[in-house]
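Please read the structure below before turning to the comments.
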Amino acid sequence: MELTTDRKLNLQEQVKNLKKEKNAVILAHYYQEPEIQEIADFIGDSLELARKAAETEADIIVFAGVHFMAETAKILNPSKRVLLPDLKAGCSLADSCPPEAFRKLKEQYPDHVVVTYINCSAEIKTLSEIVCTSSNAEKIINSIPKDKEIIFAPDKNLGSYLMKKTGRKMLLWDGACLVHEAFSLDKLLELYKEHPSAMIIAHPESEEHILKVANYIGSTSGMLNYVRNSEHDKFIVATEAGILHQMQKDVPNKTLIPAPAKEDNTCACSECAFMKMNTLQKLYNCLKNEDPEILLEEAQMEKAHLPIKRMLELS
């Protein structure tokens, strides 16, 4: 149910009061609803949020994002309480890499270095040598000695893109993000015909045929920076549509057009149903009740912390 303006403002004010009272911090991903982004202490992509989670002095972290992100915050802050507004806010990409199946693959290639995209479960991180995000993935791959073979998981599209960028051959796990595979090339090209001066920008989780027509490929923060610094004034944006809120605030005089999805929907764009499970009401409830909380076993957190720590040191 959509909130009235008065109810929204009232809830936002109550959340701000609870943050002060409980010494809590709200970390929100760019794909969250605008009313959540508006009251977050920090908005960022996976790398930026991981850094903020590692640095915070708050007693409570409310993670307005999806489950693997909140898990990462807990791994980096084992003694703090980490809350997620809706525990069912999962990730199609993380779900595409079941730990038991991945463990079997790793056992077949014991000499390979395992690099995992941060969009994976805590258990997959325990099976990794180093974690990466789309912001630092190229740097991470280039840091691995040339004589070492690499397993890259779980995103095959990002992995394929990285192989072209780095020249490194990698064994790719067959996983993908439903949101970034939802873009229609035919509809995109039709849209481009209507806006021939537009720059097409895309996230590297998108399929190869989308990346081939993109003028710029980059992480969520990379796309924001590109639009902010570009001399162009019109962009077709191929990533989750939630990014448009912050992007438009950064460049109010530029035209932003969401890349069209294969399926017809209300926004004619690609949205992550998991990201949108978090609502302002759920955010208020979880901060007030300090629940639902992310709970992980200590041994698992210690093991998963190592590859994340390596990533942060390299970044």
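The Rg/Rh ratio of region 18-97, with both radii computed over alpha carbons and Rh defined as the Kirkwood radius, is 0.94.
The charge dipole of region 208-275, taken about the Cα centre with unit charges on the Cβ atoms of Lys, Arg (+1) and Asp, Glu (-1), comes to about 180 debye, rounded to the nearest 20. When +1 charges are put on Lys and Arg Cβ atoms and -1 charges on Asp and Glu Cβ atoms, the dipole computed for region 172-261 relative to its Cα centre reaches about 360 debye. Expressed as a whole percent, the accessible surface of the chain that belongs to carbon and sulfur atoms is 48, based on a 1.4 Å probe.
Legend: P(r) of the chain from all alpha carbon pair distances, 20 Å bins from 0, whole percents, reading 33, 58, 9, 0.
In this structure, Q108 and L3 have a Cβ-Cβ separation that, at R0 = 51 Å, corresponds to a calculated FRET efficiency of about 0.50. Please tell me which of these pairs span more than 19 angstrom C-alpha to C-alpha: K52/K106; K88/K249; K52/K156; K165/K303; K146/K169; K88/K282? With Cα atoms farther than 19 Å apart: K52/K106; K88/K249; K52/K156; K165/K303.
The percentage of C-alpha pairs in region 82-197 whose separation is greater than 21 Å is 45%.
Each Lys or Arg adds one and each Asp or Glu takes one away; over the other residues whose Cβ falls under 12 Å from the Cβ of E263, this sums to -1.
As a length-normalised measure over Cα pairs under 8 Å and 6 or more apart, the relative contact order of the chain settles at 22 percent. Annotation: region 1-144 has a Kirkwood hydrodynamic radius of 16.6 angstrom, from the mean reciprocal C-alpha pair distance. Taken about its Cα centre, the chain carries a charge dipole of roughly 560 debye when the Cβ of each Lys and Arg holds +1 and the Cβ of each Asp and Glu holds -1. Coupling constants for region 210-226 follow from the phi torsions by the Karplus curve (6.51 cos²θ - 1.76 cosθ + 1.60, θ = phi - 60°), and in residue order they are 6, 5, 5, 9, 7, 7, 9, 10, x, 5, 4, 5, x, 5, 4, 5, 4 Hz; glycine and proline get x.
Projected label points at N10 and N215, each 7 Å from Cα along the beta carbon direction, are separated by 4.6 nanometres. Computed over protein heavy atoms with a 1.4 Å probe, the accessible surface of the chain works out to 45 Å² per residue.
The values are calculated or read from the model by the stated rules, or taken from the named source; none is laboratory data. Small disclaimer: the values here were computed from a predicted structure and weren't measured. Every residue, glycine among them, receives a Cβ derived from its backbone with ideal geometry; neighbour counts consider all protein chains shown. All accessible areas refer to the heavy atoms of the entire protein, side chains included, with ligands and DNA or RNA removed. Shrake-Rupley method; radii C 1.70, N 1.55, O 1.52, S 1.80 Å.
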